Amino acid sequence: MSIRWFRYLGESISTDLFNILKSLGYEVIAPTKMGNNYVLRAVSSPDEIVTDFVRTTNTPKHFLYPNEVTLIRWFRSNGDVKVEAPLEVKKQAFMFIKPCDANAIRVLDTILLDEPPDPIYSSLRGNSLVIVHDCLRSDELCFCESVNARVPYVYDLWIVPTNGDVYIGVGSSKGQDIINKLKVEPITYQPKIRELGTNRIPKEMLRKLGELYESPKWREISEKCLLCGGCTSVCPSCTCFEVIDDVGTDLRSGSRVRIWTSCVLRSFTLVAGGRIIRKSRDERFKFRYYHKFVFSISRYGFYFCTGCGRCSAQCPVGMNVIEVIKDVCR
Amino acid sequence: MSVGNPYVPKVMRIESVVIESPDVKTFVIETGGNFTFRPGQFVIVGVPGYGEAPFAIASSFKERNFFEITVRAIGDVTKALHRLGVGDVVLVRGPYGKGYPLDELERKNLVIIAGGTGLIGVSSLLWYVFEERSKFGDVYLLYGARTPRDIIRKRDIRIWGSKNIRIYLSVDRTDGLPWDGHVGFVTDFIDTLELPIENTCYVICGPPIMMKVSYKKLLGKGIKPNAIYVSLERHMKCGIGKCGRCLLSNGLYVCKDGPVFRCDKLPEREIE
């Protein structure tokens, strides 16, 4: 993939970008500081945007693939049923998300835009803009470099600040349209992408994982897991969902609503007659690992985990993906 | 507006209802005339306010004006379906799935082993064999139910039998009802019949234990996993590879890669 690079010549890249995005009619969604947390939210000024943080509590998924979305509405009248599908149109620009989170959007694209595409995601994603800000801070839970997620694979612009200079990589024609409005000069070299020191899982371990599905170690390791689903709810790339039918108070209309669910929940694989496919704790615990690290590779050739560390940060009993994989492979 | 939105079902009506057994009914659903599907594909049928569930299409691929689903009242959606009658509305999506790999099955002998409502999963294949009988060698249907009362789609079985499909029926127990078939398990036939082995494909659909036992017994007879096919049942919310519910432990989706799988492409733990 050859990227076109530019050097930024203006005063403030965040102010310039914010103003351009606003003039193009985008809602600007950016990392902000709220109390002790960093949160992605719609901002009304570039001053609210932060770049020096480890991870936001929420992710682009919350905006592109929100929880609780109405798939259809139905109305009964005179023995007939009418069905309609509401489709929300929104222009959302993600400004200064991290490379790992841009790569999570790549996972969402892969699952949700695969034939036949999910119309709701397709609309929100098609109208979105992704501006990556290179990662300035990581912690001991991060492992993007172990899962090839250090550099973004999906973005319109990629902002790389180095030694006082700001470089901008262009990843799409939408990104080029914005570059055309910025004070920049093209460069013929690629800026240095610094290493983050997050290569915490040896690559050969991840490659070995596929052969260890039936390893007894999973049982031992999963003992501690509460099967609460916290890991999947904060995951920027988990898409599994439940569908519920809501009936209106008039009993003549209702909606079919999609809500996020989790593969660690007992009900996830419940089939007719009360049979549960993955009954045991270890079967449910390890399934997420296999989806993220093994099935994804065999089907699509890249990891569905981006090493953001949110699941480990979230876990109420302190389970850590890095340690789990090392334990299983050891 | 709804064109191209895979979550938007078609509104269809129930043309007739057939009582198959004490807890199983067949619903004949009017399609409006342009319904096409491949044997082995399934539909997702919903009742407004109750939800949706996947059902194998049990009727012949030749029928365009209607399709049939055969439903055991076992969960919320299936119980709601059982309360519906002629003229009532259902919401239909699909057909989904790849269905049976007919190119792999044709020009071979076929042994179909079905247990309980698993017969529904192989019905559309049997209709295909019935319509295209000359494309297959010897064809067997080994079908077992709990009691003579629980034998479903009896008229289809009779029709298939008229086209030189060898049919062997079994029941777990007779409950005092007249019965001239086998009493025991359908898997007993694998031991007692002289089934073809060379140039033969085996298709299994039924309850987990029955699938597992059939598979083990076939392997015991020296049949290779690549000659054995299973039609799997898993939980599904979308039918299009998004909801993740039917993802198998080898990364394949029952909805878009199946629901029929050749056993050499499945880990043995999923053959149930």
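Structural remarks
- Annotation for segment B:168-180: at least one member residue is closer than 29 Å to A:A272 by Cα, among the β-branched types (V, I, T) and open to solvent by 10 Å² or more (accessible area, probe 1.4 Å).
- Selected residue [farther than 30 Å from A:R76 by Cα and either in a loop (DSSP other than H, G, I, E, B) or more than 7 Å from chain B (Cβ to nearest Cβ) (or both)] from A:S262, A:S255, A:S298: A:S262
- None of A:C311, A:C329 is over 29 Å from B:Y7 (Cα atoms), surrounded by 15 or more Cβ atoms within 10 Å (Cβ to Cβ) and at pLDDT below 95 except A:C329.
- Residue in segment A:116-136 that is closer than 23 Å to A:V294 by Cβ and out of contact with any His (no Cβ under 8 Å at 6 or more places or on another chain) present: no
- Those residues of segment A:266-290 which are open to solvent by 50 Å² or more (accessible area, probe 1.4 Å) and among the polar types (S, T, N, Q), in sequence order: A:S267
- Every residue from segment A:12-47 that is farther than 18 Å from A:S128 by Cβ, within 22 Å of the chain's Cα centre (by Cα) and assigned to a loop (DSSP other than H, G, I, E, B): A:N36
- For B:R262: the one exception among (1) crowded, with 20+ Cβ neighbours inside 10 Å; (2) in contact with a Pro (Cβ under 8 Å, 6 or more places away or on another chain): (1)
- Any hit, segment B:10-22, residues being assigned to a strand (DSSP E or B), under 19 Å from A:S77 (Cα atoms) and in contact with a Lys or Arg (Cβ under 8 Å, 6 or more places away or on another chain): yes
- A:I159 vs. criteria out of contact with any His (no Cβ under 7 Å at 6 or more places or on another chain), open to solvent by less than 30 Å² (accessible area, probe 1.4 Å), assigned to a strand (DSSP E or B) and at negative phi: no
- Flag for B:N199 being in the same structural domain as B:D264 (by TED's automatic domain parsing), surrounded by fewer than 16 Cβ atoms within 10 Å (Cβ to Cβ), in contact (Cβ under 8 Å) with a residue 12 or more places away in the chain and under 17 Å from B:K265 (Cα atoms): no
- Residue in segment A:91-100 that is more than 27 Å from A:P161 (Cα to Cα) and either open to solvent by 10 Å² or more (accessible area, probe 1.4 Å) or within 13 Å of chain B (Cβ to nearest Cβ) (or both) present: no
- Enumeration of residues in segment A:110-119 that are at the interface with another protein chain (Cβ under 8 Å from one of its Cβ atoms) and either buried (at least 21 other Cβ atoms within 10 Å of the Cβ) or in a helix (DSSP H, G or I) (or both): A:I111, A:L112, A:D118, A:P119
- Sole exception among (1) modelled with pLDDT under 95; (2) more than 9 Å from chain B (Cβ to nearest Cβ) for A:F285, by number: (1)
- Any hit, segment B:62-73, residues being within 13 Å of chain A (Cβ to nearest Cβ), farther than 20 Å from B:L119 by Cβ and open to solvent by 20 Å² or more (accessible area, probe 1.4 Å): no
- Condition met for A:K82 (outside any helix (DSSP H, G or I) and open to solvent by 30 Å² or more (accessible area, probe 1.4 Å)): yes
Results for (1) within 14 Å of another protein chain (Cβ to nearest Cβ); (2) touching a Leu at 6+ places or on another chain (Cβ under 9 Å); (3) not charged (D, E, K, R), shown as yes or no for each residue.
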| position | (1), (2), (3) |
| --- | --- |
| A:L136 | no, no, yes |
| A:V147 | no, yes, yes |
| A:D156 | no, yes, no |
| A:I168 | no, yes, yes |
| A:S173 | no, no, yes |
| A:L196 | no, no, yes |
| A:M205 | no, no, yes |
| A:L209 | yes, no, yes |
| A:R219 | no, no, no |
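- Between A:I105, A:I131, A:I72, the distinction of being of a type in the set (A, V, I, L, M), farther than 18 Å from A:E27 by Cβ and open to solvent by less than 10 Å² (accessible area, probe 1.4 Å) belongs to A:I72 only.
- Scanning segment B:43-101 for residues that are on the phi > 0 side of the Ramachandran plot and part of a strand (DSSP E or B) returns B:G51, B:G94.
- Annotation: of all residues in segment B:74-107 being small (G, A, S) and crowded, with 21+ Cβ neighbours inside 10 Å, the one that is farthest from B:L119 (Cα to Cα) is B:G94.
- Residue in segment A:272-292 that is out of contact with any helix residue (DSSP H, G or I) (no Cβ under 8 Å at 6 or more places or on another chain) and of a type in the set (A, V, I, L, M) present: no
The values are calculated or read from the model by the stated rules, or taken from the named source; none is laboratory data. Computed from a predicted model, the values in this text were never measured in an experiment. When we count neighbours, we look across all protein chains shown, and the Cβ atoms used for this are built from the backbone with ideal geometry, even at glycine. Quick note on the areas: whole protein, heavy atoms, side chains included, nothing else; ligands and nucleic acids left out. Shrake-Rupley method; radii C 1.70, N 1.55, O 1.52, S 1.80 Å.
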